[in-house]
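The values are calculated or read from the model by the stated rules, or taken from the named source; none is laboratory data. Given the structure is predicted, the values throughout are model-derived calculations rather than measurements. Neighbour counts run over all protein chains shown; Cβ positions are idealised from the backbone, glycine included. When the accessible area is computed, the model is the full protein with side chains, heavy atoms only, and any ligands, DNA or RNA have been set aside. Shrake-Rupley method; radii C 1.70, N 1.55, O 1.52, S 1.80 Å.
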Amino acid sequence: MPLYEPGTDTQALRAALARPDSRLVACFCAAWCDTCTQYRPKLDALAAQFPGHTFVWVDIEDHPDLLGDEDVENFPTLLVREDGRTLFYGTMLPHIGHLERLLSSLDTHAPGQSTGLPDVEALLGGTATA
């Protein structure tokens, strides 16, 4: 699967999020961040290894609505959600192997994590109501 961008890949992103077995992996980044620039091609390659997941590259300055009341202070900040539950939300060292191991080890039956994030899937998929 490709690495989607909100506002650019809208139709394909909506279709990917609509799949019932899809796990959302969102990377919150910024265009001015050198670490993000170096991390992106690695995340793109990882997306190809996990075709059942929906990987999204979110520039926090272009899409602050996807953060709600949360602040991103370090990059990369990652969000992993499945079945409406947050399985992981936080900063991670910019070594793609850390994310790869996390995705391989997450238990879908584990309790969800609480965040101040809005309904990211609904906002990305265009189903959020005002």
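Quick notes
- Scope the stretch 11-30; condition open to solvent by less than 80 Å² (accessible area, probe 1.4 Å), out of contact with any Ser or Thr (no Cβ under 6 Å at 6 or more places or on another chain) and either in a loop (DSSP other than H, G, I, E, B) or hydroxyl-bearing (Ser, Thr, Tyr) (or both); matching residues: 19, 30
- Of the residues making up the stretch 61-81, those that are open to solvent by 30 Å² or more (accessible area, probe 1.4 Å) and in contact with a strand residue (DSSP E or B) (Cβ under 6 Å, 6 or more places away or on another chain) are 74, 75, 81.
- Among the conditions (1) part of a loop (DSSP other than H, G, I, E, B); (2) open to solvent by 40 Å² or more (accessible area, probe 1.4 Å); (3) touching a residue at least 24 places away in the same chain (Cβ under 8 Å), residue 109 misses just one, which is (3).
- When restricted to residues that are in a loop (DSSP other than H, G, I, E, B), surrounded by 16 or more Cβ atoms within 10 Å (Cβ to Cβ) and under 15 Å from the mean Cα position of the chain (by Cα), the stretch 31-57 contains 1.
- Inter-residue pairs, beta-carbon under 6 Å, first of a type in the set (Phe, Trp, Tyr) and in the stretch 36-63, second part of a loop (DSSP other than H, G, I, E, B), 6+ apart: 39/76; 39/94; 57/5
- Filter result (hydrophobic (A, V, I, L, M, F, W, C) and more than 18 Å from residue 81 (Cα to Cα)) within the stretch 1-47: 12, 30, 31, 32, 33, 36, 45
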